[in-house]
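Heads up: the structure comes next, in structure tokens.
Nothing in this text is a laboratory measurement; each read-out follows from the coordinates by a stated rule. Quick caveat, the model's predicted, so the values are computed rather than measured. Here Cβ is always computed from backbone atoms with ideal geometry, including for glycine, and neighbour counts include all displayed protein chains.
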Amino acid sequence: MTPRGKRADALGFLRSTPSSTNVQPNHFYVLATPEGKERLAANLGERFQDNSEKILKASHTVILTTRADLPGGHLQAVFDKERADGRFPDPAKQARWESMTRDFLNLRNYGYKDLNHWMEKQTYLAMGLTMMAAAELGVEAMPLEGFDPTSVDKAFKIRETGHTTTVLLALGYPDPAKVYNSPISRFETDQLFTFV
Ligand SMILES: Cc1cc2nc3c(=O)[nH]c(=O)nc-3n(C[C@H](O)[C@H](O)[C@H](O)COP(=O)(O)O)c2cc1C
């Protein structure tokens, strides 16, 4: 498959990842040009300069952003799209789904008070699944948390869209000279698993 085809597959995957209640709180900035990657690399924030080379050398870097709030218009857009896509052919079922979704979001917003945190969890799920899909396609995927979100938001005018940067994902092919050959280090299985 051509790199272009792989890009389409990886981005198609990013689009298809599930989110709780199908809330779809994301917008993804795909930086495929030198200018795009340079703008990000130059705006990581002072203490995160060591990540700039990883971004500049990547084939594509994705800025995964999450809604900073959840206005009624967004929820209505989700429901309208579900109806247009025929998600629930039975209109009564769609109506029940919408009511259940509103209840759940009220719980997150006013009960658990973790709406933003909850939405960002959906973003990490999208990133994790995309990393797995990239691996299947033979593409290296590097998650990056080393950046100042305020600075990245400003450089790409992201807050103006109602979103904020959550995490970055650099995609490409590894430099053989820089690939680590040392073992990966993880806790042993008896520390990780409890069988009941
Ligand atoms: C969510 C996440 C964010 C990360 N952010 C960075 C980063 O900003 N810069 C970096 O060099 N490595 C970053 N890493 C890489 C981790 O430091 C690395 O995966 C970890 O130390 C384990 O190393 P290994 O994957 O080579 O086994 C990140 C990894 C994850 C999962």
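Rundown of residues vs (1) loosely packed, with under 12 Cβ neighbours inside 10 Å; (2) under 22 Å from residue 139 (Cβ atoms), yes/no style:
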site: 40; (1), (2): no, yes
site: 58; (1), (2): no, yes
site: 64; (1), (2): no, yes
site: 69; (1), (2): no, no
site: 78; (1), (2): no, no
site: 81; (1), (2): no, no
site: 102; (1), (2): no, no
site: 111; (1), (2): yes, no
site: 125; (1), (2): no, yes
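When we screen 171, 137 for residues that are surrounded by 11 or more Cβ atoms within 10 Å (Cβ to Cβ), over 15 Å from the mean Cα position of the chain (by Cα) and more than 18 Å from residue 49 (Cα to Cα), the only hit is 137. When you look at residue 181, is it polar (S, T, N, Q) and either in a strand (DSSP E or B) or more than 16 Å from the ligand (Cβ to nearest atom) (or both), yes or no? The answer is no for residue 181. Is at least one residue of region 166-177 hydroxyl-bearing (Ser, Thr, Tyr) and within 14 Å of the ligand (Cβ to nearest atom)? Looking for residues that are hydroxyl-bearing (Ser, Thr, Tyr) and within 14 Å of the ligand (Cβ to nearest atom), one finds at least one in region 166-177, hence yes.
Regarding region 174-183, can at least one residue be identified that is under 16 Å from residue 61 (Cα atoms), surrounded by 13 or more Cβ atoms within 10 Å (Cβ to Cβ) and out of contact with any Cys (no Cβ under 6 Å at 6 or more places or on another chain)? Within region 174-183, not a single residue is under 16 Å from residue 61 (Cα atoms), surrounded by 13 or more Cβ atoms within 10 Å (Cβ to Cβ) and out of contact with any Cys (no Cβ under 6 Å at 6 or more places or on another chain). For beta carbons closer than 7 Å, sequence separation of 6+ or different chains, a first residue in region 98-119 that is within 11 Å of residue 70 (Cα to Cα) and a second that is outside any loop (DSSP other than H, G, I, E, B) and charged (D, E, K, R), the qualifying pairs are 115/108; 119/67.
When you scan region 142-160, do you find a residue that is within 11 Å of the ligand (Cβ to nearest atom), surrounded by 13 or more Cβ atoms within 10 Å (Cβ to Cβ) and more than 19 Å from residue 66 (Cβ to Cβ), even just one?
yes
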